[in-house]
Amino acid sequence: MDGVSVEPLVSIETVSDPAVLAARLLAENDQLRPEIDRLRLENLELRQQAGYWQSMHARASQRLEEVHQELELLRGEIRKLKADLFGRKSEKQSRKDRSNDLEDPQETATQPKRNRGQQPNRPAPGRRDYSHLPERIQKVELPPEQGYCPDCGKPLKVRSDTEDATQIEIERILYRRVFQRCRYETTCKCGGKTHVLTAPLPPKVIPKGLYGTSLWVEILVDKFYSQQPVERLLEQLRLHGLDLAAGTVADGLQRLEPLFTPVYDALKERNGQSFYHQADETRWHVFVEYEGKSNHCWWLWAFSSEDTVVYCLDPSRSHTVPEDHYPDDVAGRLMVDRLSSYKAMQQVKLGHLLLAFCWAHVRRDFVRVGKGFPEFKDWALAWLQRIRELYRLNRQRLAVLKNKTKFAKADRALRRAIGAMQQQREAELANPQLRQPCRQVLESLQEHWEGLTRFVDDPRIPMDNNASERRLRGPALGRKNYYGSGSLWSGRLAAMLFSIFATLKMGKLNPRKWLEWYLDSCAKESGQAPADIQPFLPWNLSAEQRSALGGEDTPRKPDSS
């Protein structure tokens, strides 16, 4: 054996007697047996150790592979989080990226760079019509030294016709309205003395207040419609000569807040009666100490119906918020994202309210995988192409909704695409080699498939919840500009005016005109909300009232060119 040297006891060549030779060989064998047993035992131990270290090496290699995969997943998550934090937030498609910031190399190579501005072979936008603006006429004459013929010097004769040119101007006038209340005295001697009577003060929205309705309308519209901080408006007013204290404005807004409560309650009641709903939520800060809450992050919920929008401010993101907003016997469809709060609603569990899920959120899942894991970019782009095809086919279907023949054809094409997508999803999920990031997205798609495809059977259901997200952009801008609300009453006022303005905008009504009308009516009620709120609600307005309160979007005349 290797490493073992045994000297023979007796040289075989010197032994002639076989018996002696055999005896000596047996003795030598007995002498070597312990050494052989020791080497066998050592060999066995070395084999066992080799097997142990081989198994340890295999386990280490497996763990190293798992750590490597986990590291790749974490790197992908970091890339996704960076994209979420620093990337584009808008769903608006850019000129060079039709995959929501996931660039497709093939499309980039085939699409030429598009210049800004008016595109060739595209109709020019129509001219805006400003005929509804009040008109101030200013006559323009020639200077006196030019009122003569340059050749003979005789004076020019003024014609009756003019050549007119229009120019749009703006001016802001701040003024003090002085009410000269006439005083009267009796001419009779009733009671034995003369009585003096004074004309009453015109009604004010804030009794005994110095500031009129028009100023409060300006403040409310500027903050809760244009999302500007009050301090910025006060600085602008100072440039016009009005030094208004911020505390005075805050006190006035607090006194105005109860006036909008009846309108807000009517909007909430109307909102819950609709059949089609949309809901979304965003953060809103309320800087007060609230029992059971350790921070100032509240939630602003937006509930949209067919003709109303209601914002609810609540410290919780729980299912109790939408559950309390909708009546127990509500029936219909609710378009939402995949937040678990909506799934936990009692109305949903009982089947009264069916959830329709948003395809835009599903689309973002594939975008995040493609951006977080470059090796899966082609896979993500293929799925984005399938989703884009669904949008295209659904738009074609909605465009021919009133034509039964064309609609049936477009509907069949959409259903074929839905079926092909479902088969592709099941085939990929059945593949054991599918990586975890891709599997996770497809499993979510499978879990929410029923809600995602409700729009197929009911074309009135939108494919995404982008309308709700757009309605939260204004409050989100206000959250950045003035950080939220500093008190509970301020938060309630914000939610109520957001609701009123959004509902008016949905009805194509001018919020400023409606607010002037409503606050003037409150002033006539001595600074209280009108007893009958129904005439002010958008769905109760007559055609004449809607015409008088319109004008948010000015009409355009056809381009004569």
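The values are calculated or read from the model by the stated rules, or taken from the named source; none is laboratory data. No experiment lies behind these values; they were computed from the predicted model shown. Positions of Cβ are backbone-derived with ideal geometry, glycine not excepted, and every protein chain shown enters the neighbour counts. Areas reflect the complete protein model, heavy atoms only, side chains present, ligands, DNA and RNA absent. Shrake-Rupley method; radii C 1.70, N 1.55, O 1.52, S 1.80 Å.
Quick look at the values:
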item: Segment 473-489: number of residues that are in contact (Cβ under 8 Å) with a residue 60 or more places away in the chain and surrounded by fewer than 21 Cβ atoms within 10 Å (Cβ to Cβ); result: 11
item: Some residue of segment 258-268 being open to solvent by 30 Å² or more (accessible area, probe 1.4 Å) and at pLDDT below 95; result: no
item: Those residues of segment 6-27 which are in a loop (DSSP other than H, G, I, E, B) and either surrounded by 10 or more Cβ atoms within 10 Å (Cβ to Cβ) or at pLDDT 70 or above (or both), in sequence order; result: Val6, Leu9, Val10, Val15, Asp17
item: Single condition Leu401 does not satisfy, out of (1) in a helix (DSSP H, G or I); (2) touching a helix residue (DSSP H, G or I) at 6+ places or on another chain (Cβ under 9 Å); (3) surrounded by fewer than 17 Cβ atoms within 10 Å (Cβ to Cβ); result: (1)
item: Hits in segment 323-364 - residues which are farther than 29 Å from Gln385 by Cβ and among the β-branched types (Val, Ile, Thr); result: Val330, Val348
item: Set Arg136, Arg114, Arg122: member being open to solvent by 100 Å² or more (accessible area, probe 1.4 Å), out of contact with any strand residue (DSSP E or B) (no Cβ under 9 Å at 6 or more places or on another chain), outside any strand (DSSP E or B) and modelled with pLDDT under 75; result: Arg114
item: Per-region count, segment 151-177, residues closer than 24 Å to Ser521 by Cα and open to solvent by 100 Å² or more (accessible area, probe 1.4 Å); result: 4
item: Unmet requirement for Pro459, which otherwise passes all of (1) more than 18 Å from Trp383 (Cβ to Cβ); (2) out of contact with any Pro (no Cβ under 6 Å at 6 or more places or on another chain); (3) part of a helix (DSSP H, G or I); result: (3)
item: Matching residues, segment 193-231, being in a helix (DSSP H, G or I), touching a residue at least 12 places away in the same chain (Cβ under 8 Å) and not hydrophobic (A, V, I, L, M, F, W, C); result: Thr213, Ser214, Glu218, Lys223, Glu231
item: Segment 270-292, subset more than 12 Å from Phe303 (Cβ to Cβ) and of a type in the set (Phe, Trp, Tyr), residue modelled with the lowest pLDDT; result: Tyr290
item: Number of the condition not met by Leu493 [criteria: (1) out of contact with any helix residue (DSSP H, G or I) (no Cβ under 6 Å at 6 or more places or on another chain); (2) over 30 Å from Pro374 (Cβ atoms); (3) of a type outside the set (Lys, Arg); (4) at pLDDT 95 or above]; result: (1)
item: Selected residue (criterion: modelled with the lowest pLDDT) from residues of segment 359-391 that are open to solvent by less than 10 Å² (accessible area, probe 1.4 Å), in contact with a Leu (Cβ under 8 Å, 6 or more places away or on another chain) and hydrophobic (A, V, I, L, M, F, W, C); result: Val367
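For (1) more than 30 Å from Leu259 (Cα to Cα); (2) touching a Phe, Trp or Tyr at 6+ places or on another chain (Cβ under 9 Å), each residue gets a yes or a no:
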| position | (1), (2) |
| --- | --- |
| Pro437 | yes, yes |
| Glu443 | yes, no |
| Phe455 | yes, yes |
| Pro475 | no, yes |
| Lys480 | no, no |
| Leu488 | no, yes |
